[in-house]
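This report concerns only the one structure given below.
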Amino acid sequence: MKNILHIISSPRVGISDSRKLGNAVIEKIKEKYPDATVKERDLAKNQVPVLEAVHINTFFSPAESHSPEQQEINKHSLGLISELQDADIIVVESPMYNFSVPTTLKAYFDFTSRAGYTFKYDENGPKGLLNDKKLYIAFTSGNIYSTGPYQVFDSNVPYIKNVFGFYGVKDISVFRAEGLSIPGIMENSLAKAIEGITID
C-alpha cells in the first residue's frame with residue numbers, strides 16, 4: 001500500500017489552478033494505486049510560521065534545554081518531517097508567485113530542512129535521508145517559464161527540486177500548467193496539463 005503526502009501551498013482555496021492540477025495528480029495516483037492512503041497537508045489552512053529567531057534557536061539546541069514554547073515548535077517541526085518520512089509518494093502543488101514559491105511553502109521547507117532528520121552531514125558533506133521516494137510537482141503560472149526567454153526567471157521548480165534533492169529524493173516529475181494569463185493559451189492550459197499527467 002502506498003502512502004501519499006499531498007502538500008498544498010496556494011492560499012486561493014476556491015479558485016486555485018495549482019489545487020486543481022494537484023488534485024488531478026492525486027486522482028491519477030489513486031487510479032494506479034487504489035489502496036493508497038492520502039495525507040493532506042494544506043499549508044494555507046494550517047500555516048507553518050515564518051522563520052524567526054525562536055525557531056532557529058529551537059532547531060539548533062538540545063531538546064532537554066527547550067522551553068515549553070520551544071517544545072511546541074519542535075513538536076510541530078518533527079510532525080511535518082514525520083509525514084515526509086512516512087510517504088512513498090509526495091505531491092507538491094506550487095503556483096508561481098513573483099518568480100518563486102508561495103511563502104507558505106518556503107516556511108514549510110524552513111521547518112523540515114533539519115540536519116539529522118531530512119539530511120545529515122558526514123565526512124563527504126551533506127547526504128539526504130529521504131531516499132526511495134517519488135516526488136510529483138504540480139506547477140502553475142500566468143507566464144511560460146519552461147522554455148523561452150523567461151526560463152531564467154523560474155526560481156520555483158528548480159528550488160523545489162533542489163530542496164528535495166538535498167533531502168535525498170531523486171525521482172522527480174513535473175506537471176506544468178503555464179500561460180494561464182496569456183490569451184490564446186490560458187483557455188486550454190490547465191486542461192492540457194491534466195490530460196498530460198502520467199504516473200510512473
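The values are calculated or read from the model by the stated rules, or taken from the named source; none is laboratory data. Treat the numbers as computed from the prediction; the structure is a model and nothing was measured. Reconstructed Cβ throughout: ideal geometry from the backbone, glycine too, with neighbour counts over all protein chains shown. Remember, those area values only see protein heavy atoms, side chains included, never the ligands or the DNA or RNA. Shrake-Rupley method; radii C 1.70, N 1.55, O 1.52, S 1.80 Å.
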>> Among the residues that make up segment 74-82, is at least one of them of a type in the set (Val, Ile, Thr), out of contact with any His (no Cβ under 6 Å at 6 or more places or on another chain), part of a loop (DSSP other than H, G, I, E, B) and surrounded by 17 or more Cβ atoms within 10 Å (Cβ to Cβ)?
In response: no
> Any idea which of (1) open to solvent by 70 Å² or more (accessible area, probe 1.4 Å); (2) part of a helix (DSSP H, G or I); (3) under 15 Å from Leu105 (Cβ atoms) is the one Lys30 doesn't satisfy?
Replying inline: (3)
> Taking Tyr136, is it closer than 23 Å to Ile15 by Cβ, more than 14 Å from the chain's Cα centre (by Cα) and surrounded by 14 or more Cβ atoms within 10 Å (Cβ to Cβ)?
Replying inline: no
> What are the residues in segment 143-167 that are open to solvent by less than 30 Å² (accessible area, probe 1.4 Å) and more than 14 Å from the chain's Cα centre (by Cα), if any?
Replying inline: Tyr145, Asp154
>> Suppose we filter segment 52-70 for residues that are surrounded by fewer than 15 Cβ atoms within 10 Å (Cβ to Cβ) and either within 17 Å of the chain's Cα centre (by Cα) or not in a helix (DSSP H, G or I) (or both); how many remain?
In response: 5
> Is there a residue in segment 9-23 that is among the β-branched types (Val, Ile, Thr), surrounded by 13 or more Cβ atoms within 10 Å (Cβ to Cβ) and outside any helix (DSSP H, G or I)?
Replying inline: no
>> Just checking, does segment 114-136 include any residue being modelled with pLDDT of 95 or more and part of a helix (DSSP H, G or I)?
In response: no
